[in-house]
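Comments concern the structure below.
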Amino acid sequence: MNNIRNFCIIAHIDHGKSTLADRLLERTGTISEREMQEQVLDDMDLERERGITIKSHAIRMDYIRPNDEVYTFNLIDTPGHVDFAYEVSRALKACEGALLVVDAAQGIEAQTISNLYQAIDQNLEIVPVLNKIDLPGADPEGVGQQIVDLIGCDPDEIIKVSGKTGEGVDGLLEAIVERIPGPTREEDKPLKALIFDSIFNTYRGSIAYVRVMEGTLKKGDPILFMATGKEYDAEEIGYLKLKKEPVKELKAGDVGYVIGSVKSLQDAKVGDTITHQKKRAEKAIPGYKEVKPMVFSGIFPTSSEDFEDLRAALEKLQLNDASLTYQPETSKALGFGFRAGFLGLLHMEIVQERLDREFNIDIITTVPNVQYEVDTEEGNRIEVDNPSDMPAAGDIEKVWEPYIKASIITPAEFIGPIMKLCQERRGVYVNQHFMQNNRVEITYELPMAEVVFDFYDKLKSGTRGYASLDYEFIEYRKGDLVRLDILLNGEPVDALSSITHRDKAYYQGRKVCAKLKELIPRQQFEVAVQAAIGSRVIARDTIRALRKDVTAKCYGGDISRKRKLIEKQKEGKKRMKQVGSVDIPQEAFLAVLSMD
Ligand code: GDP
Ligand code: MG
């Protein structure tokens, strides 16, 4: 009898994935009510606060059916955000089934669909689940119909639950046994174990989370990582219960962990195949990919003494996050810092926030940008991920920029504003598709550069929060792009340069100058703010000189008020950067792209 079930939960953010996972852990007695801390699977503080799962994890449960049969469940948690699409695909590969969880009050959203398509591509058995049926605003009928239309199931196949009250969860446990097939257990074949996640532990090195697809892995086996070619011994292997539980062997169908004093995450990469050094698998599990950063930004310490601390912090972060890249960068304006590459905007925010919280380093970040490919007059193609590396206009033959395909799901009343937004962002309309409950899926192809900054915020505010977005990279396309420089008193400030479409350069140049005029405090002297393409100035503003000391306004006797003001000024100073002789506040470095 095959009594293993490997599955994951796919859901749009906030549709209740973590809450439902908690209920499964509770009902299977994997975790007692006392141990129950809300959302145990999200174990980084940041994850819990933001209610998102950044890294995927797995957990093993023993489920005893009402007829006393015992089943082993491996629930593999997947990160829900598009930045981590590759990790999601590897986690899905480790499963035979997926619970498709949809919020009965919200209905299907963009991420529900993109994750679902991936799961279908990998031939997973889909178990549709309507969650939050306890909510007064739940519409199980209507949303159920959306699911029926989407996956073509029978309405009675949809399992209705509430992760909050626990209603329906017993039925769901039974459905997992009955509908999701058990894994094939070819234990005698050469070993193939898929790494679907890995984390770094200071004492033990990389810990690989694996699904054994074929063969058997025994404790102590000499193993080979097929993509990186690295060889280690499987010093400890085991199951992933709430704590790690060492075992003697992991067989085809099992999910567990492998520890082998692997020095770096770079050696045990997500998607790689572990095999036996002596009895090798002929081919690795397909789908392995080197993840490439898509979004880049400069990270500089606010005070230059923190440079080495920043380097040490980035090193530490990278140990646990193989997709973060960085290299030293020198900016005339900001001094020594780093150019960092991220999978996407959320990934970038997470890294920035961790630098601040876990390492307590004050940083200034520059406007994020994508990576361009530039054909030079001399016939070379170069990659440009920093506006200041963009060759002068005369040396450029062609510029290529990354495009994405964006899928937006929205109530029909917002079609107009969404199309307007996409059009403004140089989007190319692909199609729209009407769904149940008056919802529409709109598809656009957009330059990624137009989406990385504030597209998502604009989309949300233009639809009162109702629209959801998902996207994937498609290809590089030719674009008429120029470098827009910003000068203060005639000095270019490299960290304020950006790459923009020629048609938008004038508009943007004017906006940036106006914004800087507003953000840069008056100084002792007049400051000219200019925007230029090459040597051509296209916009100009002036910040007039300061006349009086701020404290002069307070009347002489009120010392405490005066002190407060001075302290406030000092605080403001901390977040300022002196460029040439001009003090620039931190926000200015991000203001370059914001359009309103
Ligand atoms: P995730 O982002 O998919 O992991 O969603 P969470 O599990 O974090 O849930 C998002 C929010 O919905 C939280 O505030 C939960 O308390 C709430 N929630 C989750 N499941 C239910 C449910 O069945 N009923 C109700 N009323 N609220 C729920
Ligand atoms: Mg969650």
Exercise. When region 11-30 is examined, which residues are found to be over 29 Å from the mean Cα position of the chain (by Cα), touching a residue at least 60 places away in the same chain (Cβ under 8 Å) and not in a helix (DSSP H, G or I)?
Worked result: Thr28, Thr30
For this session: Go through region 156-211 and count every residue that is in contact with a strand residue (DSSP E or B) (Cβ under 6 Å, 6 or more places away or on another chain) and charged (D, E, K, R).
Result: 9
Exercise. Which members of region 1-21 meet the condition of being buried (at least 18 other Cβ atoms within 10 Å of the Cβ), within 18 Å of Leu240 (Cβ to Cβ) and not basic (Lys, Arg)?
Worked result: Ile4, Asn6, Phe7, Cys8, Ile9, Ser18, Ala21
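Residue-by-condition table, conditions (1) over 30 Å from Ala412 (Cβ atoms); (2) assigned by the TED database to the domain that holds Glu441; (3) in contact with a Phe, Trp or Tyr (Cβ under 7 Å, 6 or more places away or on another chain):
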{"residue": "Ala467", "(1), (2), (3)": "no, yes, yes"}
{"residue": "Ile499", "(1), (2), (3)": "yes, no, yes"}
{"residue": "Arg502", "(1), (2), (3)": "yes, no, no"}
{"residue": "Arg510", "(1), (2), (3)": "yes, no, no"}
{"residue": "Cys513", "(1), (2), (3)": "yes, no, no"}
{"residue": "Leu519", "(1), (2), (3)": "yes, no, no"}
{"residue": "Glu526", "(1), (2), (3)": "yes, no, no"}
{"residue": "Ala531", "(1), (2), (3)": "yes, no, no"}
{"residue": "Ile543", "(1), (2), (3)": "yes, no, no"}
Exercise. Is there a residue being among the hydroxyl-bearing types (Ser, Thr, Tyr) and open to solvent by less than 10 Å² (accessible area, probe 1.4 Å) anywhere in region 319-334?
Worked result: yes
For this session: Any chance you could count how many residues in region 149-175 are open to solvent by less than 80 Å² (accessible area, probe 1.4 Å) and either part of a strand (DSSP E or B) or in the same structural domain as Asp233 (by the TED database) (or both)?
Result: 1
Seminar exercise, completed: Over region 49-71, the set of residues over 20 Å from Val88 (Cβ atoms) and either modelled with pLDDT under 60 or surrounded by fewer than 19 Cβ atoms within 10 Å (Cβ to Cβ) (or both) is Glu49, Asp62, Ile64, Arg65, Pro66, Asn67, Asp68, Glu69, Val70
Exercise. Before we move on, is Val367 part of a loop (DSSP other than H, G, I, E, B) and closer than 25 Å to Glu472 by Cβ?
Worked result: yes
For this session: Report, ordered by the first and then the second residue, all pairs with beta carbons closer than 7 Å, sequence separation of six or more or different chains, a first member in region 386-401 that is farther than 24 Å from Arg425 by Cβ and in the same structural domain as Leu446 (by the TED database), and a second member that is of a type outside the set (A, V, I, L, M) and open to solvent by 50 Å² or more (accessible area, probe 1.4 Å).
Result: Ala392/Gly534; Asp395/Glu377; Glu397/Glu377
Problem set entry | Check on Thr330, closer than 26 Å to Lys230 by Cβ, among the hydroxyl-bearing types (Ser, Thr, Tyr) and free of Cβ contacts under 8 Å to residues at least 40 places away in the same chain | no
Problem set entry | Qualifying strands (runs of 3 or more DSSP E) (wholly inside region 202-265; at least 1 residues being outside the structural domain of Thr28 (by the TED database), in contact (Cβ under 8 Å) with a residue 12 or more places away in the chain and among the basic types (Lys, Arg)) | 205-214, 216-218, 244-247, 249-251
Exercise. Which residue pairs have Cβ atoms under 6 Å apart, sit 6 or more places apart or on different chains, and have a first residue in region 293-321 that is small (Gly, Ala, Ser) and a second that is assigned to a helix (DSSP H, G or I)?
Worked result: Ala313/Leu355
Seminar exercise, completed: Checked Asp485, Asp480 against criteria (more than 21 Å from Thr365 (Cβ to Cβ), of a type in the set (Asp, Glu) and modelled with pLDDT of 90 or more); the one match is Asp480
For this session: For region 516-539, enumerate the residues that are surrounded by fewer than 17 Cβ atoms within 10 Å (Cβ to Cβ), assigned to a helix (DSSP H, G or I) and of a type in the set (A, V, I, L, M, F, W, C).
Result: Leu519
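The values are calculated or read from the model by the stated rules, or taken from the named source; none is laboratory data. Since the model is a prediction, treat every value here as computed from it, not as a measurement. Here Cβ is always computed from backbone atoms with ideal geometry, including for glycine, and neighbour counts include all displayed protein chains. The accessibility values were calculated without ligands, DNA or RNA, using every heavy atom of the protein model including side chains. Shrake-Rupley method; radii C 1.70, N 1.55, O 1.52, S 1.80 Å.
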